[in-house]
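Notes for the one structure printed next.
Computed from the coordinates by the stated procedures, all read-outs in this text should not be read as laboratory data. None of the values given here were measured: they were computed from a predicted structure. Please note: Cβ atoms are built from the backbone with ideal geometry, for glycine as well, and neighbour counts cover all protein chains shown.
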Amino acid sequence: MSAGITVPLYRAAHGRTGDKGNRSNISVIAWHPDLYPVLLAQVTEAVVARHFAHRRPARVQRFELPQLAALNFVLDEVLDGGVNDALNLDTHGKALSFWLLDLPIEIPAALAPLLAGPP
């Protein structure tokens, strides 16, 4: 059996970010449907909460969208108060999807050809 490889999440998925008040909404969409089970297994609420620990989310929820091979995460209280209150440069939290997409994940070697970007 061949070993897996560790890659940043962006090699297996792309993302979109939205906001409402002090809540960030981050979608993670697999580049290929065969990568979706890897996302389900490894990109959990607990993992995302740890990855964003420096932002101190009050709650992290995951919603599964299997027809789209996607996950949607809702992170409460991570935008320093939201657009009208935050003093940071990214008041909408658009960069948060990039932070999540840098998360290291393990990919089975057999799925490596489905990854985006250079090997």
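A count restricted to region 50-73 and to residues that are farther than 19 Å from residue 105 by Cβ and either in contact with a Lys or Arg (Cβ under 6 Å, 6 or more places away or on another chain) or among the small types (Gly, Ala, Ser) (or both) stands at 1. Might you check whether a residue that is within 28 Å of residue 114 (Cβ to Cβ), in a loop (DSSP other than H, G, I, E, B), more than 14 Å from the chain's Cα centre (by Cα) and not β-branched (Val, Ile, Thr) occurs anywhere in region 19-39? Looking for residues that are within 28 Å of residue 114 (Cβ to Cβ), in a loop (DSSP other than H, G, I, E, B), more than 14 Å from the chain's Cα centre (by Cα) and not β-branched (Val, Ile, Thr), one finds at least one in region 19-39, hence yes. Summed over region 50-68, residues that are in contact (Cβ under 8 Å) with a residue 12 or more places away in the chain and of a type in the set (Gly, Ala, Ser) total 1. Each residue in region 101-119 was checked for being assigned to a loop (DSSP other than H, G, I, E, B) and in contact with a Leu (Cβ under 6 Å, 6 or more places away or on another chain), and 1 pass. For region 26-45, check the following and say yes or no: at least one residue is among the aliphatic types (A, V, I, L, M), free of Cβ contacts under 8 Å to residues at least 24 places away in the same chain and farther than 15 Å from residue 65 by Cβ. Yes, because at least one residue in region 26-45 is among the aliphatic types (A, V, I, L, M), free of Cβ contacts under 8 Å to residues at least 24 places away in the same chain and farther than 15 Å from residue 65 by Cβ.
When residue 14 is tested against (1) part of a helix (DSSP H, G or I); (2) surrounded by 13 or more Cβ atoms within 10 Å (Cβ to Cβ), just one condition goes unmet, and that condition is (1).
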